[in-house]
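Notes follow the structure.
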Amino acid sequence: MGLVGVVFSTVLLISFFNNISADKPEPTAEEEFHLSPEPLALASNGPFGKFDTKQLQRGFQVYKEVCAACHGLSLVAFHDLEALGYNEAEVKAIANQWPIEVPSVNPETGEAATRKALSSDRFPSPYANETAARAANNNALPPDLSLITKARGGGAAYIHSLLTGYRQQPAELLQKFPAAKTPEGLYYNPYFPNLNLAMPPPLTADGQVTYAPGNPAPTVDQMSTDVSAFLVWTAEPKLAVRKATGLWVTIFLLFATVFGYLAYRNLWASEKRKVRVTGALDPKNQAKSASAKAKAGIEG
Ligand code: HEC
């Protein structure tokens, strides 16, 4: 039995080390050149985070003027924009002037038609359906952006890095991985998981969007930051309320813990102090020994 065991474990050990040294997979271009998102400082970050509504308005403007041509926001309604500081009339005007109309039915013929958006409508998708969207985008599907900051690791930081991360494919990559050359119709971006994506760089020039006076200069970096902040809001409009509530709940729980501990000390105070005396100190034993001593006539 012992011999069988020794042979078995020797074979196991040999195969174990062989496996480790031999069939190591070749490194891939994605493994070597993919980058993690750069950190992005936003007012909504951290446990005390709040939205900067001025920034959200700028981000909405970037979405409206650039991204909305290809991406829908199917979970956000126009009237939700009131949370960004627009009043009812402004929201009505934004919906009414939205360049993409909402699917509808012609009341007379019953045929499919489109109409101008109302405040109660959600942001319409720019394409009739997925087939049309793919046909217009080199067979790639521009995802709905409502929840994109929740759907991608890194959230807003990833969106910002992706928007500012387009560049020439490094010569080193082509040298090492000639087969990984960016295909025709795709764009190299080291923040995208497979390094090449079908979205052409959407923000290419400073001043592509004109901000109202009193706002920071619309550099590519600023516009990318603002639209990323806006997409944090679309994915979680109640973020500030959640964080503020969480803070008070934590403070309450801290107090409750302190009071709970004090109550525990108070309730058990009379029980814990009692010490059971044993041996020579036990009053019963002392009485016994006193009577024994008295009987034997011993003093003390
Ligand atoms: C010309 C059309 C077009 C415009 C304009 C455009 N996008 Fe895209 N976007 C796409 C396409 C197509 C994809 C899918 C890419 C792929 O899967 O390769 C995409 C994908 C994305 C993704 C998902 C990336 C991922 O991890 O899957 C994000 C985020 C995104 N776009 C954000 C934006 C933002 C923000 C803007 C505005 C500043 C914008 N896009 C403007 C076409 C566009």
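Entry remark, region 106-140: residues being more than 16 Å from the ligand (Cβ to nearest atom) and either acidic (Asp, Glu) or surrounded by fewer than 12 Cβ atoms within 10 Å (Cβ to Cβ) (or both) number 9 in total. In the list 299, 271, which residue meets the criterion of being at pLDDT below 85 and outside any loop (DSSP other than H, G, I, E, B)? After applying the criteria, what remains is 271.
Within region 67-82, residues that are under 16 Å from residue 235 (Cα atoms) reach partners that are basic (Lys, Arg) with beta carbons closer than 7 Å, at six or more positions or on different chains, in the pairs 74/122; 75/122; 76/122; 77/122. Candidates in region 172-218 are the residues that are more than 23 Å from residue 154 (Cβ to Cβ) and small (Gly, Ala, Ser); of these, the one that is nearest to the ligand (Cβ to nearest atom) is 185.
The values are calculated or read from the model by the stated rules, or taken from the named source; none is laboratory data. Since the model is a prediction, treat every value here as computed from it, not as a measurement. A quick note on method: Cβ atoms are made from the backbone with ideal geometry, for glycine too, and the neighbour counts reach across all protein chains shown.
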